[in-house]
Amino acid sequence: MLNHWSILLFMVISCCIRVSYASAGDADPLYRSCVNQCISSGCIGEKCFPQCNSSSDGGSVHNPWYTQEPLYLKWKQSDCLSDCRYYCMIDRERERQSLGLEPVKYHGKWPFTRVLGLQEPVSVALSILNLLMHFSGWLSFYILLQYKLPLKQDGTYYEYTNLWHIYGFLSLNSWFWSAVFHSRDIDLTEKLDYSSAVAILGYSLIVSIMRSFRVRDEAARVMVAAPLLAFIATHTMYLNNYKMDYGWNMQVCVVMAVAQLLIWAIWAGVSHHPSRWKLWFVVIAGGLAMLLEIYDFPPYEGFVDAHALWHASTIPLTYLWWSFIKDDAVYRTADLTKKVK
């Protein structure tokens with residue numbers, strides 16, 4: 001509930017709000033000419049890319065479809081396009097720098113320096129750290145419930161245990177694909193990153209309703225979750241199978257984010273939860289962290305940009321987020337066991 005206020009804003013801004021790939025860099029005629037020539041010839045100057053001219057069996061990528069290996073070939077072609085774009089971008093940025101011009105974005109992204117083939121190495125590392133922080137938080141939550149708090153014959157006293165287990169899995173999934181997407185931005189990794197972001201954002205809306213309104217009856221939970229899950233699944237299939245509509249995806253993500261922000265804000269105002277101070281801390285910190293995305297700037301030394309710093313800001317907030325979840329488990333368990341006695 002807590003850190004997710006900042007995490008969901010992160011998902012909206014970094015994963016959902018990318019309305020168009022069109023940027024000043026990829027609109028540059030010199031850059032476009034370089035990419036087109038590279039794809040057709042497989043070379044930029046003296047640097048050549050074998051994957052641009054051959055399939056996995058050494059045949060031409062222009063051979064009939066039935067002589068090719070579709071999945072492997074698509075990956076090879078993606079490698080060709082990615083490499084052509086990267087090295088044309090590097091060459092063009094060197095030319096711009098020699099003329100005293102500032103860096104510009106290409107296909108919605110700043111020009112980053114690759115490391116070991118990773119397109120955005122710092123964002124990859126920070127995504128992995130966020131993943132590990134979520135895993136650590138979920139594991140400590142599990143240990144708390146199973147070994148430190150009293151148990152009933154049929155499980156834990158805490159009514160939202162399974163909801164948070166699912167949340168933990170979806171968070172790990174989202175940060176995993178975030179790391180993959182920042183490693184290599186191709187159509188497949190983009191769809192997996194977007195889909196996992198929409199999934200955690202939509203599920204978080206469900207959790208916010210369940211916890212804030214104390215929905216504990218299974219039938220009532222199904223009634224709340226079913227229409228939202230159906231919408232999330234339909235929206236994801238639309239993006240993946242029909243059209244990657246960035247504008248529509250932005251609207252959906254913003255609506256889900258604002259809805260749960262309002263729910264948590266009202267809950268925080270009326271609740272007397274002993275750990276509610278953590279809520280306000282994360283809300284304020286998350287708001288300040290948003291300035292990093294608003295004040296966008298080119299990557300320092302080709303590695304660290306505002307988006308990477310945003311990734312970094314979510315790491316300590318994730319710790320506080322899971323801390324609140326554990327506090328909530330302790331608080332509710334104590335209250336319920338007291339009633340039993």
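The values are calculated or read from the model by the stated rules, or taken from the named source; none is laboratory data. Owing to the predicted nature of the structure, the values given are computational and were not obtained by experimental measurement. Methodologically, a virtual Cβ is constructed for each residue, glycine included, from the backbone with ideal geometry; neighbour enumeration extends over all protein chains shown. Just so you know, the surface numbers come from the protein's heavy atoms only, side chains and all, with ligands and any DNA or RNA stripped out. Shrake-Rupley method; radii C 1.70, N 1.55, O 1.52, S 1.80 Å.
Given the peptides 154-166, 319-331, arrange them by the average over their residues of other C-beta atoms within 10 Å, most packed first.
319-331, 154-166
³J(HN,Hα) across the stretch 99-112 via Karplus (A = 6.51, B = -1.76, C = 1.60, θ = phi - 60°), whole Hz, x for Gly/Pro?
Along the stretch 99-112, the couplings run 8, x, 8, 6, x, 10, 7, 10, 6, x, 10, 6, x, 9 Hz.
For the stretch 220-294, give the percent of accessible area contributed by carbon and sulfur heavy atoms, probe 1.4 Å, rounded to a whole number.
After summing per-atom areas, the C and S share lands at 78 percent.
Rounded to the nearest percent, how much of the accessible area of the stretch 101-145 (1.4 Å probe, protein heavy atoms only) is carbon and sulfur?
The C+S portion of the solvent-accessible surface of the stretch 101-145 is 78 percent.
In nm, give the distance between the simple-model label positions of residue 90 and residue 303, each being 7 Å from the Cα along the Cα-to-Cβ direction.
A separation of 1.6 nm, rounded to one decimal place.
Could you work out how far the C-alpha centroid of the stretch 84-137 sits from that of the stretch 213-236, in angstrom?
The two parts, judged by their Cα centres, are 38 Å apart.
From Cα pairs below 8 angstrom and at least 6 apart in sequence, can you work out the relative contact order of the stretch 256-341, rounded to a whole percent?
Normalised by residue count, the contact order of the stretch 256-341 is 26 percent.
Pairs 278/338; 278/339; 148/338: which exceed 21 Å Cα-Cα?
Beyond 21 Å: 278/338; 278/339.
Stokes-Einstein diffusion coefficient for the stretch 93-164 at 10 °C in a medium of 1.306 mPa s, Rh from the Kirkwood formula over Cα pairs: what value in µm²/s?
Here the translational diffusion coefficient equals 95 µm²/s.
Could you work out how far apart the two model spin labels at residue 24 and residue 262 are, taking each label as a point 7 Å from the Cα in the direction of the beta carbon, and quote it in nm?
Label-label distance for residue 24 and residue 262, simple model: 3.8 nm.
Non-local amide H neighbours of residue 305 (under 5 Å, H modeled in plane, Pro and chain starts lacking H): which ones?
Residues meeting the criterion, in which the H sits 1.01 Å from N, are 300.
Solvent-accessible area per residue for the stretch 134-262 at a 1.4 Å probe radius, Å²?
Averaged over the residues of the stretch 134-262, the accessible area is 47 Å².
Let me spell out the model: positive unit charges on the Cβ of Lys and Arg, negative unit charges on the Cβ of Asp and Glu, origin at the Cα centre of the stretch 117-245. What dipole size does that give, in debye rounded to 20?
420 debye
Evaluate the distance, in nm, between pseudo-label points positioned 7 Å from the Cα of residue 153 and of residue 222 along their respective Cα→Cβ axes.
Placing both labels 7 Å beyond Cα along the Cβ direction yields 2.5 nm.
Ranking request for peptides 132-139, 299-306: highest mean number of other beta-carbon atoms within 10 Å first, then the rest in descending order.
132-139, 299-306
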